[in-house]
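The values are calculated or read from the model by the stated rules, or taken from the named source; none is laboratory data. Quantities reported herein were computed from a predicted structural model and do not represent experimental measurements. When we count neighbours, we look across all protein chains shown, and the Cβ atoms used for this are built from the backbone with ideal geometry, even at glycine.
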Amino acid sequence: MASKRIVVAYSGGLDTSFNIMYLTRELGYEVYAACADTGGFSPEQLRRNEENAYKLGAVSYVTLDVKDEYYARSLRYMVFGNVLRGGTYPISVSSERIFQAIAIARYAREVGASAIAHGSTGAGNDQVRFDMTFQVMCPEMEIVTLTRDKALSRQEEVDYLNAHGFPADFAKLKYSYNVGLWGTSICGGELLDSAQGLPEEAYLKPLTKTGHETVRLGFEKGELVSVDGKAYGHVAAIQALETRVDGYGLGRDIHVGDTIIGIKGRVGFEAAAPMLIIAAHKYLEKYTLSKWQQYWKDQVGTWYGMFLHESQYLEPVMRDIEAMLESSQRHVTGTVIAEIGPKHFEMVGVESAEDLVKTKFGEYGEMQKGWTAEDAKGFIKVLSTPLRVYYNRHEDEAL
């Protein structure tokens, strides 16, 4: 019955599994389960999701591959803007949630659903991201959020699934993880205590390597296109770099920030490839952009990251910011040489035909070729004029 058709944003976790069964058994919905994959699912997980969705009562299941769209419409601009929330976090989860929501909303309209459901609780950011996206993209549809509206505990959901023939073994783990193309976030455990950090065992990718290696990251107009000289597609380049540096424990940190709903929170993360890409990209920009390009990019990049985190991706100004960021990348081409080691990386140098360091005007600290000594002295005198005028009037303030 089309009037009772509902699309459930299905991740395979406890909340969304409960949603499928309850909506089917108790509320009589015809459930279409949709898993929007932004890079966080293995083929085995997707196969298991499909199998479980039907066991839970869904009449249809689909995996929506959103990785390329996620990169093209968001990640590339996050790299262009060197986006790190609070100067720390590459906003791994918040950016992908928007595109999962967009994909689910699009699918719901395609199948003629009258309602759409997600498993977010009332305590976090994701409820805002899903609800806002659905309200804009499919305002005619009812939004159903059982976990939030019923204030359900994990145990209540587990007991319900078990009682109706679905052996739920969703154990409450010390840590909760969200794995995606742009890094893994970690919540819970020691992060609930502001005085503690995360132990080694909290990370999904353990530190196993010693020594140091050199990695070469090739960029074309601001986008990563090669790793150690081997060319890749954009999504594949991120994945290849992640594999290349695995074992060094790179890209780990703890972000402390403000949630959309107003409380502060801590999230740990490991994002080796994103942190390396952003660091290398910003380093290449130092060689290829003017100082004012870099300055204004920092300003709009900060705004872009903030709006993305706070569920404002669909705000029209975001398209304007993206246009500015993309324009700024027309000369950001070259190879960045980085040295990596256990829990550490640093940028060594660049090779680029767009390098502004080497010019006919001279070499910093060595030799000027574009002006004379008298030109320099005259420039300095003119530059100092405002200060000389001020202190001539206010001698008592001179240091």
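Brief remarks follow.
- Within the range 43-64, residues that are under 14 Å from GLY13 (Cα atoms) reach partners that are part of a helix (DSSP H, G or I) and of a type in the set (Val, Ile, Thr) with beta carbons closer than 8 Å, at six or more positions or on different chains, in the pairs ALA53/ILE20; LEU56/ILE20; LEU56/THR24.
- Within the range 260-271, not a single residue is among the acidic types (Asp, Glu) and over 30 Å from GLN100 (Cβ atoms).
- GLN299 vs. criteria under 24 Å from SER94 (Cβ atoms), touching a Phe, Trp or Tyr at 6+ places or on another chain (Cβ under 9 Å) and either in contact (Cβ under 8 Å) with a residue 60 or more places away in the chain or outside the structural domain of PHE80 (by TED's automatic domain parsing) (or both): no
- Within the range 60-87, considering residues that are in a loop (DSSP other than H, G, I, E, B) and at pLDDT 95 or above, the one surrounded by the most Cβ atoms within 10 Å (Cβ to Cβ): GLY81
- Taking the numbered list (1) crowded, with 16+ Cβ neighbours inside 10 Å; (2) part of a helix (DSSP H, G or I); (3) among the β-branched types (Val, Ile, Thr) in turn, THR243 passes all entries but (1).
- Which numbered condition SER94 misses (of (1) small (Gly, Ala, Ser); (2) modelled with pLDDT under 95; (3) in a loop (DSSP other than H, G, I, E, B)): (3)
- Residues of the range 109-164 that turn out to be at pLDDT 90 or above, outside any helix (DSSP H, G or I) and not hydrophobic (A, V, I, L, M, F, W, C), as a count: 11
- Scanning the range 186-200 for residues that are touching a Gly at 6+ places or on another chain (Cβ under 7 Å) and either among the aromatic types (Phe, Trp, Tyr) or in a strand (DSSP E or B) (or both) returns a single hit, ILE186.
- Among residues of the range 241-263 that are without any contact (Cβ under 8 Å) to a residue 60 or more places away in the chain, those with a beta-carbon under 6 Å from a residue that is outside any loop (DSSP other than H, G, I, E, B) and not acidic (Asp, Glu) at least six positions away or on a different chain give the pairs LEU241/VAL227; LEU241/ALA273; GLU242/ALA272; GLU242/ALA273; ARG244/VAL227; ASP258/LYS264.
- If the condition is being touching a residue at least 12 places away in the same chain (Cβ under 8 Å) and either part of a loop (DSSP other than H, G, I, E, B) or over 21 Å from HIS118 (Cβ atoms) (or both), then the range 165-183 contributes PHE166, ALA168, PHE170, LYS172, LEU173, LYS174, TYR175, LEU181, TRP182, GLY183.
- For the residues GLY257, GLY265, the requirement of being outside any loop (DSSP other than H, G, I, E, B) and more than 13 Å from PRO90 (Cβ to Cβ) singles out GLY265.
- Qualifying residue in the range 259-276 (condition: closer than 25 Å to VAL128 by Cβ and touching a Leu at 6+ places or on another chain (Cβ under 6 Å)): yes
- The set of residues in the range 20-31 that are in a helix (DSSP H, G or I) and closer than 11 Å to TYR160 by Cβ comprises MET21, TYR22, ARG25.
- Qualifying residue in the range 32-53 (condition: in a loop (DSSP other than H, G, I, E, B), surrounded by fewer than 18 Cβ atoms within 10 Å (Cβ to Cβ) and at pLDDT below 95): yes
- Residue in the range 168-179 that is surrounded by 13 or more Cβ atoms within 10 Å (Cβ to Cβ) and farther than 23 Å from ALA273 by Cα present: yes
- Scanning the range 338-376 for residues that are at pLDDT 95 or above and basic (Lys, Arg) yields a total of 1.
- Taken over the range 324-354, the residue count meeting the criterion of being in contact with a Ser or Thr (Cβ under 8 Å, 6 or more places away or on another chain), surrounded by 14 or more Cβ atoms within 10 Å (Cβ to Cβ) and in a loop (DSSP other than H, G, I, E, B) is 6.
- In the range 362-382, the residues that are free of Cβ contacts under 8 Å to residues at least 60 places away in the same chain form Cβ pairs under 7 Å with partners that are outside any strand (DSSP E or B) and of a type in the set (D, E, K, R), at six or more places apart or across chains, as follows: GLY362/LYS369; LYS369/LYS360.
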